[in-house]
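The values are calculated or read from the model by the stated rules, or taken from the named source; none is laboratory data. None of these values were measured; they are calculated from a predicted model. Methodologically, a virtual Cβ is constructed for each residue, glycine included, from the backbone with ideal geometry; neighbour enumeration extends over all protein chains shown. To get the accessible areas, we keep the full protein, side chains included, count just its heavy atoms, and leave off ligands, DNA and RNA. Shrake-Rupley method; radii C 1.70, N 1.55, O 1.52, S 1.80 Å.
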Amino acid sequence: MDTKLPKRDPLQDILKELNIAVDENRDRVIIGLDFGTTYSGIAYAFSTKPDQIYSITEWPGAQGRSVPKTPTVLKYDGKKGFQWGYELDRSIEEKIVGIKLLLDPEQERPLFDSTGAAATQAELKRLGKPPVDIASDYIAAIYKHSMKIIEGKVPKDYLSMLDKQFVLSVPAAWSDKAKDTTLRAARNAGITPIELIKEPEAAALFTLNQLKNQGLSVGDAITICDAGGGTVDLVSYELIRLIPLELKELVPSTGGIAGSLMINRRFEEFIKSTVGERCYLDLKETNGWRHAMKTFDENIKPGFRGRDDEDQYINFPMANIADNPNRGVKANTVTVTAVNLYGVFEPVFKEIDRLVAEQINKVRIKRLQDKHPKGADIKAIFLVGGFGSSLFLRDSIKKAHPDIQVIQPNDAWSAIVQGSVLSKLPQEATVVSSVAERHYGVAVGETYDPVRDAAHQSEKYWDEWTEIYRIPRMRWYISKSDDLERSRTIDFVFSSSFPSNPSPLDMKTTYDLLMSSSDIAQAYVNETVTKNCSLSIDLSVVPREHWKPKVRASDDEEYTNINFKLLVKVEGARMVFSFECGGKEYGAVNTEY
Ligand SMILES: Nc1ncnc2c1ncn2[C@@H]1O[C@H](COP(=O)(O)OP(=O)(O)OP(=O)(O)O)[C@@H](O)[C@H]1O
Ligand SMILES: [Mg+2]
């Protein structure tokens, strides 16, 4: 068992101990942050004016354009400083891109061509900074900029009087570890108190809140597909109430790395195969290359409708590409036929189609199992996120699910960040329960039973206090597909024994929180069971009256036992832990992923 104690943030500890949370009755400014793979955004609202959510639309370098997001790119200069976002739009140098995907290295990325990200990897190595620090620098920059804008909109005294409350969105498909890393990046940027929300959940709240008077009714099932630059995330809800809006998640959210950036990577591969490897390597160093990639990203990619489109021409100004009529290369211009483009797009769209079909099937099965009056009907699929505005994507999902309406709502690009703000506005819109994506539990040392545990005999161990053999058996406290109500706390019962005059270290007990994605919950720890995080609990805060004196049978040695409950609360996208003993709740639980 890992007993290494995690680094503590003293202020957080003090706040936890004092049980200080955001006071929902005080006037607050709620600030939503969307840290995206390709674009990031910030929106805000005042709790006193909950029907108005404002997006930050002015960005340094955007030259007066009003846009709800700014590119997630940055470039460090020699003197500790860095440029970010649109400031780098016109720059031709290599910059750090796609940093968000590096925060979850464990995600499967079937379409991801890692060579495309080589420049970023090399830059990180040169800087000697881990991705979480780069993310933190970037988040700090967009936050500082946004605060300046907000300060310009309201009297300074008023703003300084308000509590600040932050909500940061994270992909639904991410591991708890990656969510925690993102949270750390934001906290290190000075952003607290902060809560996480699943990106498609935020999008759902915003979109459905806008549409609640337009043909939606209680009991309807809807699916949200948030297609961004890096990830595609899916989540499905049943409408429980319309005013105020209340949603219940129907099945576990799913998703994968199949965002629009993968299309860019695949297009680079196409150019490489057209001009040849050597020419490609030279080309990549030129301004012409960056110009061409920008044309692809901003014009060709968004306009793609399908195999019947007209040919496109992509020009590499000032390059030195040898003409090759057979491959459509002439005068530094490559002809890109619709069939070529289809080949570039196809695997990404196929992956998204697969993800959507999987989610839709799960919803249908669930509603039929529940004998829901609306049966297997799904009212609509909402497409949000930047990539969600693709007409080709819309057509492809429509074709696969002709009986479901596919809707591309207004403001789909900024739906996530606005939804994050909305989730914290009083009386506006809430998700009342979500669905567990996996089993969560702990391996508990239970009395060894030679018959029942015969196949696991080698795992038994001697308990020095109770003087019996024990065996770690899995106790699952949250099962895959369980409804996790937002207001409910789940408790895990524990017992810990230590010497009667314990040292402070004796009183720190560490458990591994385990998880499993397999459909059947396993009885013993096996290869399908992996560690989610370790939880270190400091029992020294428990008053002596709850310490139970015990005596060891064999030698009359005195020892102490404490029974306590580990409490798990499901906040937006994250589990929050505390423990309870003698009816009192303590915050002294540290999580290390
Ligand atoms: N019509 C379109 N077709 C394909 N891609 C598009 C289209 N419009 C925008 N995009 C792409 O969408 C991406 C931006 O979307 P968004 O801001 O939702 O993503 P993100 O938040 O950066 O990524 P993620 O949410 O995956 O971390 C960009 O990669 C952009 O090229
Ligand atoms: Mg996004």
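Please work out if Leu183 is buried (at least 16 other Cβ atoms within 10 Å of the Cβ) and modelled with pLDDT under 95.
So Leu183 does not fit the description; no.
I'd like the residue in segment 267-309 that is outside any helix (DSSP H, G or I) and of a type in the set (D, E, K, R) and, out of all such residues, is nearest to ligand 1 (Cβ to nearest atom).
Arg305
Assuming Phe382 fulfils every condition listed in (1) under 22 Å from Pro171 (Cβ atoms); (2) assigned to a strand (DSSP E or B); (3) more than 16 Å from ligand 2 (Cβ to nearest atom) apart from one, which condition is it?
In the conditions (1) under 22 Å from Pro171 (Cβ atoms); (2) assigned to a strand (DSSP E or B); (3) more than 16 Å from ligand 2 (Cβ to nearest atom), Phe382 misses (3) alone.
Name the single residue, out of those in segment 385-402 being open to solvent by less than 30 Å² (accessible area, probe 1.4 Å) and outside any helix (DSSP H, G or I), that is farthest from ligand 1 (Cβ to nearest atom).
His401
Limited to segment 225-242, what total is found for residues that are aliphatic (A, V, I, L, M) and open to solvent by 10 Å² or more (accessible area, probe 1.4 Å)?
Residues in segment 225-242 being aliphatic (A, V, I, L, M) and open to solvent by 10 Å² or more (accessible area, probe 1.4 Å): 2 in total.
Which condition from (1) of a type outside the set (Ser, Thr, Tyr); (2) open to solvent by 10 Å² or more (accessible area, probe 1.4 Å); (3) at pLDDT below 95 is the one that Trp174 breaks?
Here Trp174 clears every test but (2).
Could you list, in sequence order, the residues of segment 429-459 that are more than 38 Å from the chain's Cα centre (by Cα) and surrounded by 15 or more Cβ atoms within 10 Å (Cβ to Cβ)?
Of everything in segment 429-459, those that are more than 38 Å from the chain's Cα centre (by Cα) and surrounded by 15 or more Cβ atoms within 10 Å (Cβ to Cβ) turn out to be Tyr448, Asp453.
Is there any pair linking a residue in segment 105-122 that is of a type in the set (Lys, Arg) and assigned to a helix (DSSP H, G or I) to one that is open to solvent by less than 50 Å² (accessible area, probe 1.4 Å) and modelled with pLDDT of 55 or more, with Cβ under 6 Å and at least six apart or on different chains, and which?
Once the first residue is of a type in the set (Lys, Arg) and assigned to a helix (DSSP H, G or I) and sits in segment 105-122, no partner that is open to solvent by less than 50 Å² (accessible area, probe 1.4 Å) and modelled with pLDDT of 55 or more comes close enough.
Looking at Pro373, Pro347, can you tell me which residue is open to solvent by 30 Å² or more (accessible area, probe 1.4 Å) and either touching a Cys at 6+ places or on another chain (Cβ under 8 Å) or not in a loop (DSSP other than H, G, I, E, B) (or both)?
Pro347
Residue under question is Thr560, and the condition is that it be more than 36 Å from the chain's Cα centre (by Cα) and in a strand (DSSP E or B); does it hold?
Yes: the conditions hold for Thr560.
Scan segment 63-89 for residues that are within 15 Å of ligand 1 (Cβ to nearest atom) and among the small types (Gly, Ala, Ser) and report the count.
Count: 1.
Residue under question is Val251, and the condition is that it be away from ligand 1 (no atom under 16 Å from the Cβ) and surrounded by 21 or more Cβ atoms within 10 Å (Cβ to Cβ); does it hold?
Yes; evaluated as a whole, the condition is true for this residue.
Could you check how many residues of segment 350-370 are of a type outside the set (Asp, Glu) and open to solvent by 30 Å² or more (accessible area, probe 1.4 Å)?
Total meeting the criteria: 10.
Please verify whether segment 361-372 includes one or more residues that are in contact with a Pro (Cβ under 8 Å, 6 or more places away or on another chain) and modelled with pLDDT of 95 or more.
Taking every residue of segment 361-372 in turn, at least one turns out to be in contact with a Pro (Cβ under 8 Å, 6 or more places away or on another chain) and modelled with pLDDT of 95 or more.
Return the residues of segment 403-428 that are crowded, with 21+ Cβ neighbours inside 10 Å and away from ligand 1 (no atom under 15 Å from the Cβ); say none if nothing qualifies.
Of everything in segment 403-428, those that are crowded, with 21+ Cβ neighbours inside 10 Å and away from ligand 1 (no atom under 15 Å from the Cβ) turn out to be Val421, Leu422, Ser423, Lys424, Leu425.
Just give me the residues in segment 146-175 being out of contact with any helix residue (DSSP H, G or I) (no Cβ under 8 Å at 6 or more places or on another chain), in a helix (DSSP H, G or I) and of a type in the set (D, E, K, R), in sequence order.
Scanning segment 146-175 gives Lys148, Lys156, Asp157.
Among the numbered criteria (1) under 30 Å from Met515 (Cα atoms); (2) touching a Lys or Arg at 6+ places or on another chain (Cβ under 6 Å); (3) modelled with pLDDT of 95 or more, which one does Gln165 miss?
(1)
Given the conditions (1) surrounded by 19 or more Cβ atoms within 10 Å (Cβ to Cβ); (2) more than 16 Å from ligand 1 (Cβ to nearest atom); (3) in a helix (DSSP H, G or I), and given that Asn264 satisfies all but one, which numbered condition is not satisfied?
Failing condition for Asn264: (2).
Looking at Ala227, Ala185, Ala189, Ala172 in this structure, which one is among the small types (Gly, Ala, Ser), within 16 Å of ligand 1 (Cβ to nearest atom) and over 22 Å from Glu358 (Cα atoms)?
Unique residue meeting the criteria: Ala185.
One residue is enough: does segment 523-532 have a residue meeting the conditions out of contact with any helix residue (DSSP H, G or I) (no Cβ under 9 Å at 6 or more places or on another chain), surrounded by 14 or more Cβ atoms within 10 Å (Cβ to Cβ) and in a strand (DSSP E or B)?
The answer is yes; a qualifying residue exists.
Could you say whether any residue in segment 461-481 is assigned to a helix (DSSP H, G or I), over 30 Å from Lys550 (Cβ atoms) and small (Gly, Ala, Ser)?
For segment 461-481, residues assigned to a helix (DSSP H, G or I), over 30 Å from Lys550 (Cβ atoms) and small (Gly, Ala, Ser): absent.
Can you tell me which residues in segment 5-53 are open to solvent by 40 Å² or more (accessible area, probe 1.4 Å), modelled with pLDDT of 90 or more and under 28 Å from Leu103 (Cα atoms)?
Thr38, Tyr39
Mind checking whether some residue in segment 577-586 is outside any loop (DSSP other than H, G, I, E, B) and over 17 Å from Phe494 (Cβ atoms)?
no
Count, please, the residues in segment 312-334 that happen to be under 27 Å from Thr38 (Cα atoms) and surrounded by fewer than 17 Cβ atoms within 10 Å (Cβ to Cβ).
So the count comes out to 3.
Restricted to segment 520-544, and to residues that are under 27 Å from Val576 (Cβ atoms) and among the charged types (D, E, K, R), which residue is farthest from the chain's Cα centre (by Cα)?
Asp538
Within segment 194-224, work out how many residues are surrounded by 24 or more Cβ atoms within 10 Å (Cβ to Cβ), among the polar types (S, T, N, Q) and more than 16 Å from ligand 1 (Cβ to nearest atom).
Total meeting the criteria: 1.
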